[in-house]
Amino acid sequence: MYQSFEELEVWKRSCNLAVGVYKLLRECRDYGLRDQMQRAAVSIASNIAEGSERSPKEFARFLDFAHGSVDELRTQLYIAARIELVTQDDTRPLVNETKEISRMLFGLKKSLKTEN
């Protein structure tokens, strides 16, 4: 399996996603949406890390929280592009990464069930 959450590829990619969101919104003056998007992005990796130190059943629950944050962030990216806060070209790679992280979270949760 894994020794620490730092070894999990989904955690690494979630951290990179959060950094990408921070960079994308560096000049954003819509502080409410910016704050919400940054919180959602950070929440993904944070929930993976926190859950990984718990029982498999609890870890699965934290993966659900992370999955919810991924969906929240993807929605916010769509909204930010539609209101022209950022361009669709700037959000496209981040949206694609949220989709991949979502699949990875689903796979990790499924692997927890098969281990028990």
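Taking the criterion of being out of contact with any helix residue (DSSP H, G or I) (no Cβ under 7 Å at 6 or more places or on another chain), over 20 Å from Y78 (Cα atoms) and not charged (D, E, K, R), the residues of the stretch 1-36 that qualify are M1, Y2, Q3, S4.
A residue that is at pLDDT below 95, part of a helix (DSSP H, G or I) and either more than 17 Å from E97 (Cβ to Cβ) or out of contact with any Lys or Arg (no Cβ under 9 Å at 6 or more places or on another chain) (or both) can be found somewhere in the stretch 53-73. Here the stretch 15-49 is the region considered, the condition is being in contact (Cβ under 8 Å) with a residue 12 or more places away in the chain and not in a helix (DSSP H, G or I), and the residue that is nearest to the chain's Cα centre (by Cα) is L25.
The values are calculated or read from the model by the stated rules, or taken from the named source; none is laboratory data. All values reported here derive from a predicted model rather than from experimental measurement. Cβ: placed from backbone, ideal geometry, glycine included. Neighbour counts: every protein chain shown.
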